[in-house]
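Asker: Take a look at this one; I'll ask things after.
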């Protein structure tokens, strides 16, 4: 039990690797999100969505890219810290005092074990719900409310009793110039609205569209005997176009195997007909598809604790060897392994190959390579100490 306790060396190495891990995680996450954010921002701007909608969708995207950034950040941080300690002769000093390289890598592997356990929760439960929430939020941003892409001179019906047109339109149909609106109420009253400028934006409720008008006139005709036509000038007027009566409900979760949690994947493995989407049995979710998704998630989570061992082994090299070579080799191994898992997932989903072979075998090979690398490097260092120490003792005598 004493060997499993964290000592001074473990705490020192953990505190050394924690800051670069957080920096690497932030950098990798930002790099992965950047391209998607630009596309998402452009799509939402075209639909006239609010900033709150953009931030909500961004929050739903974080779990997906966090699952990609965690292994990369762990790999980079462990490699950099180990390489820095090697260049500063800290590794040599520890080995000279009888500490093996495997012992040095122990706190890093413990950190990988904790991240692997957390990734089970991330891949198995958080990502499925976040994926569904993102699709639902994007659907409502694109379809809910009334955000037409007007053209100059085009007549658009905002409801059964209202019509809108504008002489000039810009900014993807959201900025209007010389606006004309005709509305008819249930009691027969007709209201004509003209304005110099207008702006269409989706309300935060995602069920309504907000129309702001500036510098206009409202002409009201009651259409009743003896009724008088009234005219009202305004500087700014705001109208809400409510479309909540329309059926814009999004489908229920479960149309895609990636939206299912680990428990649901296990449950539907023997009974895939229980997987429903919108109350109708989902024909896209089959046993091979469920097996592929389950094996892929577990394989990615199980591989994370072995990444630090490979990073430490490749970081320890000759003093004059450039560290970029080891980092490139490490990146190629991890990217190749991830693409191999994705390729295996696609094959298993077709039913042409079993998951233990297409996904389990690459996982086993990756884990064996990681452990063999650290053991080989540790054994080589131990042999050098064994050859050097007798000569050193003889000179000292």
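Asker: Can residue 57 be described as surrounded by 14 or more Cβ atoms within 10 Å (Cβ to Cβ), assigned by TED's automatic domain parsing to the domain that holds residue 363, in contact (Cβ under 8 Å) with a residue 60 or more places away in the chain and over 21 Å from residue 334 (Cβ atoms)?
Answerer: Here the answer is yes, as residue 57 does meet what is asked.
Asker: Scan (1) under 24 Å from residue 52 (Cβ atoms); (2) at pLDDT 70 or above; (3) crowded, with 16+ Cβ neighbours inside 10 Å for the single condition residue 191 breaks and write down its number.
Answerer: Every listed condition holds for residue 191 apart from (1).
Asker: Among the residues in the stretch 247-259, are any in a helix (DSSP H, G or I), more than 30 Å from residue 73 (Cα to Cα) and modelled with pLDDT under 85?
Answerer: The answer is no; no qualifying residue exists.
Asker: All but one of (1) buried (at least 18 other Cβ atoms within 10 Å of the Cβ); (2) farther than 21 Å from residue 334 by Cα hold for residue 129; which doesn't?
Answerer: Unmet for residue 129, out of (1) buried (at least 18 other Cβ atoms within 10 Å of the Cβ); (2) farther than 21 Å from residue 334 by Cα: (1).
Asker: Here's a follow-up. Taking the stretch 209-243 as the search range and keeping residues that are out of contact with any strand residue (DSSP E or B) (no Cβ under 7 Å at 6 or more places or on another chain) and surrounded by fewer than 13 Cβ atoms within 10 Å (Cβ to Cβ), which one is modelled with the highest pLDDT?
Answerer: 228
Yes/no per residue for (1) at pLDDT below 90; (2) under 27 Å from the mean Cα position of the chain (by Cα); (3) in a helix (DSSP H, G or I):
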site: 300; (1), (2), (3): no, yes, yes
site: 307; (1), (2), (3): no, yes, yes
site: 320; (1), (2), (3): yes, no, no
site: 324; (1), (2), (3): yes, no, yes
site: 345; (1), (2), (3): yes, yes, yes
site: 372; (1), (2), (3): no, no, yes
site: 378; (1), (2), (3): yes, no, yes
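Asker: Can you report the number of residues in the stretch 74-94 which are surrounded by 17 or more Cβ atoms within 10 Å (Cβ to Cβ) and farther than 14 Å from residue 312 by Cα?
Answerer: 1
Asker: Give all pairs with beta carbons closer than 9 Å in which a residue from the stretch 315-336 that is in the same structural domain as residue 90 (by TED's automatic domain parsing) and closer than 26 Å to residue 362 by Cβ meets a residue that is at pLDDT below 80 and part of a loop (DSSP other than H, G, I, E, B); count only pairs at least 6 apart in sequence or on separate chains.
Answerer: Short answer, once both residue conditions are applied: 325/317; 326/317.
Asker: Shifting gears a bit: Tell me whether the stretch 32-53 contains one or more residues that are at pLDDT 90 or above and in a helix (DSSP H, G or I).
Answerer: Taking every residue of the stretch 32-53 in turn, none turns out to be at pLDDT 90 or above and in a helix (DSSP H, G or I).
The values are calculated or read from the model by the stated rules, or taken from the named source; none is laboratory data. Since the model is a prediction, treat every value here as computed from it, not as a measurement. Please note: Cβ atoms are built from the backbone with ideal geometry, for glycine as well, and neighbour counts cover all protein chains shown.
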